[in-house]
Each structure stands twice: as structure tokens, then as C-alpha cells.
Amino acid sequence: MATVRLDAPLKVSGQAQYTADIDAPPQLYAAYAVAGVGHGVLHAVHTHEAECLDGVRAVICGRASLPLTGILLEDRPILATGRVRYAGEPIALVVADTQQQAEAAALLITADITPLPVVNALDEALRAGAALLHPELAGYAKLVEDVYPQSGTNIASSYRISKGDSSTAFSQCVVVVSIPTTCRNQTTSRWSHAALAPCFLQTAG
């Protein structure tokens, strides 16, 4: 028997109300100002012009006292503090009377950033001598027990799973196909929820 979704008629007819559709004055609106470099030392964020724009109520920048967030480790600042680690990382938050005012003010924010070497792919990040995105990796608080950050690397956690005798199993196979794979974020946004989303197979020829 087919399951009847109670919200289906509203969604397919365009009548469903989402959070962004709710207007509850005197609500305020927010927009991020983001970093334009992939990796660098963040020296200063200049917000004066944004703060002077009509309708702007506040501009918030990162600071060391703000808590860190994350999934496995507390390794993500709410707003970049001292360092930016990817292009588009939020460096300030503008709060204003309208969304248009917030976005306009965010575009007026500039930052002093000294660029650092970047890593653009998984294999680059794992190489010896690669630029470290989190030099303080070993000092982050763990949010789960079974996470094992490797200090001095870009590896947040490493697991080794061994079951059975793979060498013997492969030796008994009629055909063994080996396909190296790479996962590179080429066609999906940086918010993809699983590494498989942007994966593609790259054959050895």
C-alpha cells in the first residue's frame, strides 16, 4: 500500500510554508562576509563601512572566546579567527533590518589576509610536507570517543579495519579488477553530506 504524505498537496502546489517564508516582525536578517582565499593568516577584519550602512544593527567578527563546533572534533570556528581554511569561510556576520541591507553591508567588509599554501585535493593533503590546515589538531576537544587525530598531519582521524585473509581470497579469484578512485568536490557544493556525493571513478587506463 502506498504511503500518503500529508504535506504532499501543499508542496506540489507551492503552498507549503518553509522557515524562509515566515515573516515575523520585528525580526532581523543576517548575511556573512566571507574570505576570498583558500588558506591564510587572518590579521584584521575591517567593518567600519558596513556598520555605517543604513539598517545595519550589528557586525560580529570572530574571536578566540567564541566556542568551536564540529562533528567529530571541536575544530570549526563559528567565524574565522586568526586563520581562514577555505575560500568562502565566514569572517564576519552582518545583522540588519532587511536581507538586502545585510547582504549589501557584507560586501563592504574587507580583511587583511596573508595567503598560505593550499591543498586542493585529498592526495595533496596527505602528502608529507603538505600545508597544515589545523596545526593545533592535537589540542581539539573530542566530541566522540573513537576519533584519533594525527598531530602534524591533515588527518582528523584514522581507522584500520582488517577482516579475513584478503591475500588468499584474491589469489583464488579468476579476475581481479583494481580501480583507483578519487573524491574531488568538482560538481557539488561544499555542503555535500557524504564523500560519495562528488565521487567519480578514475580508471588506470
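The values are calculated or read from the model by the stated rules, or taken from the named source; none is laboratory data. Since the model is a prediction, treat every value here as computed from it, not as a measurement. Heads up, the Cβs are rebuilt from the backbone with ideal geometry, glycines too, and the neighbour counts pull from every protein chain shown.
Worth pointing out:
- Filter pass, residue 105 being farther than 20 Å from residue 132 by Cβ, modelled with pLDDT of 95 or more and of a type outside the set (Asp, Glu): yes
- Residue 46 meets the stated requirement of being more than 30 Å from residue 130 (Cα to Cα) and of a type outside the set (Ser, Thr, Tyr).
- Pick from segment 30-39, criterion touching a strand residue (DSSP E or B) at 6+ places or on another chain (Cβ under 7 Å) and part of a loop (DSSP other than H, G, I, E, B), ranking: nearest to residue 136 (Cα to Cα): 39
- Residue within segment 5-19 that is farther than 24 Å from residue 121 by Cα, in contact (Cβ under 8 Å) with a residue 60 or more places away in the chain and outside any loop (DSSP other than H, G, I, E, B) present: no
- The one condition in (1) part of a loop (DSSP other than H, G, I, E, B); (2) within 20 Å of the chain's Cα centre (by Cα) that residue 42 fails to fulfil: (1)
- Meets criteria (of a type outside the set (A, V, I, L, M) and in contact with a helix residue (DSSP H, G or I) (Cβ under 9 Å, 6 or more places away or on another chain)) for residue 97: no
- Qualifying residue in segment 46-67 (condition: part of a strand (DSSP E or B) and polar (S, T, N, Q)): no
- Residues (touching a strand residue (DSSP E or B) at 6+ places or on another chain (Cβ under 6 Å), under 15 Å from residue 45 (Cβ atoms) and either touching a residue at least 24 places away in the same chain (Cβ under 8 Å) or loosely packed, with under 15 Cβ neighbours inside 10 Å (or both)) located in segment 59-81: 59, 60, 61, 62, 80
- Considered as a group, the residues in segment 91-105 that are crowded, with 24+ Cβ neighbours inside 10 Å and more than 23 Å from residue 43 (Cα to Cα) include one that is farthest from the chain's Cα centre (by Cα), and that residue is 96.
- Of all residues in segment 152-181, those satisfying the criterion of being outside any loop (DSSP other than H, G, I, E, B) and either of a type outside the set (A, V, I, L, M) or touching a Phe, Trp or Tyr at 6+ places or on another chain (Cβ under 9 Å) (or both) are 166, 167, 168, 170, 171, 181.
- Flag if residue 103 is more than 23 Å from residue 28 (Cβ to Cβ) and among the charged types (D, E, K, R): no
- Cβ-Cβ distances below 9 Å connect no pair with a first residue in segment 41-58 that is free of Cβ contacts under 8 Å to residues at least 60 places away in the same chain, a second residue that is among the basic types (Lys, Arg) and not in a loop (DSSP other than H, G, I, E, B), and a separation of six or more residues or different chains.
- Just one residue in the set 179, 161, 113 is of a type in the set (Val, Ile, Thr) and surrounded by 13 or more Cβ atoms within 10 Å (Cβ to Cβ); that residue is 113.
- In segment 121-153, residue modelled with the lowest pLDDT [restricted to those that are closer than 25 Å to residue 37 by Cα and hydroxyl-bearing (Ser, Thr, Tyr)]: 151
- Of residues in segment 110-142 being farther than 22 Å from residue 89 by Cα and part of a loop (DSSP other than H, G, I, E, B), the one nearest to the chain's Cα centre (by Cα): 127
- Of the candidates 12, 4, 56, 41, the single residue that is among the hydrophobic types (A, V, I, L, M, F, W, C) and surrounded by 15 or more Cβ atoms within 10 Å (Cβ to Cβ) is 56.
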